[in-house]
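**Student:** Shown below is the structure under consideration.
The values are calculated or read from the model by the stated rules, or taken from the named source; none is laboratory data. Given the structure is predicted, the values throughout are model-derived calculations rather than measurements. Cβ placement follows ideal geometry from the backbone for every residue including glycine, while neighbour counts extend to all protein chains displayed. Remember, those area values only see protein heavy atoms, side chains included, never the ligands or the DNA or RNA. Shrake-Rupley method; radii C 1.70, N 1.55, O 1.52, S 1.80 Å.
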Amino acid sequence: MNVPVLDLKAEFEQLRGEILPVLERVCANASFILGVEVEAFEREFADFCGTKHCVALANGTAALHLGLLALGVQPDDEVITTPNTFLATAEAISYCGAVPVFVDIDPRTANLDPRLIERAITKRTRAILPVHLYVRPVDMDAIREVAERHNLRILEDAAQAHGARYQGRRVGGLGTLAAFSFYPTKNLAAYGEAGALTTNDDQIAKFARAARSHGQTARYEHEFVGYNYRMHGFQGAVLRVKLRHLYAWTAKRQEIAREYRRLLTGARLVLPVDSSRDECVYHQFVIYTSNRNRVVAQLAARGIETVIHYPRPVHLQPAYSSLGCPPGTFPHAERACERVIGLPIHPGLTSDQIVYVANAVREIVGVE
Ligand SMILES: Cc1ncc(COP(=O)(O)O)c(C=O)c1O
């Protein structure tokens, strides 16, 4: 049996009848950049997140970049974040001329550990950038408490957590603002690059709308030097179609995760802890094992694809060697990156495939 980590071709076949007409509509209206579909998506996604505004952008990295600029991050400022993330989180800080300051993760959740934030704060700290990694929201109350004490604002990196809830509230409206990615592999995914910022703050939304379009507040009125960070009309149209399916798709991911957890009980591996406080959306279903390469190779030999998010924490990437954080600086993040394996998870996974994957994992890692 072959089990891919996700199956975008099959998903397109399921959506073909809905997608092609909306793409045709974009062509017929010639609304290729922003336009009516993107505007409608902005309203619908803001409603989904429970925020006042959504500003549609070219990708998630642009959303992080504009989000940090909106918070006033400037050259030589420091922004606190996690080393257990995709490089883009740190890159956006660097784009502002600021410095990423990492704090280690809580190994139970793989998310930034709020108890470690305070000791990383200096006079130069401007903001906190937590990442809702894989599935679950960070512990926002604990982060907010530190942020308020030090007058810092919070930008959520929600690139992997569309629809996840913390204490009943959706990510996207938990901090001052949030950055989403709709990269084609995400739970809510475009057919190309796309991203968005969500916020309840009118000034931030106004800034982001101008900044995404060369600093324009009206046609050819450039208030400041901005960027070309606009969402394409096709992506807005695709995202509107897919947003309607996201509820059912998320429920399916949650069902698959429950099934994996049940079938993997007793296997010699570690699963992240899910809290009843959260609603997890299972962008990834990760397990932690020793001897990762052997497990991955043996799963591949049985036709089971896996993903490693991420093989190396950001502070150990050559791109950030100048920060001078040698191995051992963030032991929990480093250990997670050495041991993590993402199993196939997507709404099209069949019951047989779930059982096949779980049984293969149990056989390979052994049972306690
Ligand atoms: C945690 C995280 N942050 C930021 C990004 C960047 O998003 P994009 O690829 O849309 O620029 C991603 C997506 O890959 C991500 O997973």
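**Student:** Give the stretch 302-347 a look and list any residue that's part of a loop (DSSP other than H, G, I, E, B), in contact (Cβ under 8 Å) with a residue 60 or more places away in the chain, closer than 25 Å to K186 by Cα and not aromatic (F, W, Y), or say none.
**Tutor:** Across the stretch 302-347, the qualifying residues are G303, E305, T306, H309, P313, Q317, P344, I345, H346, P347.
**Student:** Something else about it: Among the candidates A248, A237, single out the residue that is open to solvent by less than 10 Å² (accessible area, probe 1.4 Å), small (G, A, S) and either in a helix (DSSP H, G or I) or at pLDDT below 95 (or both). It would help to see each step written out before you state the result.
**Tutor:** Numbers: A248 fails: open to solvent by less than 10 Å² (accessible area, probe 1.4 Å).
On inspection, the qualifying residue turns out to be A237.
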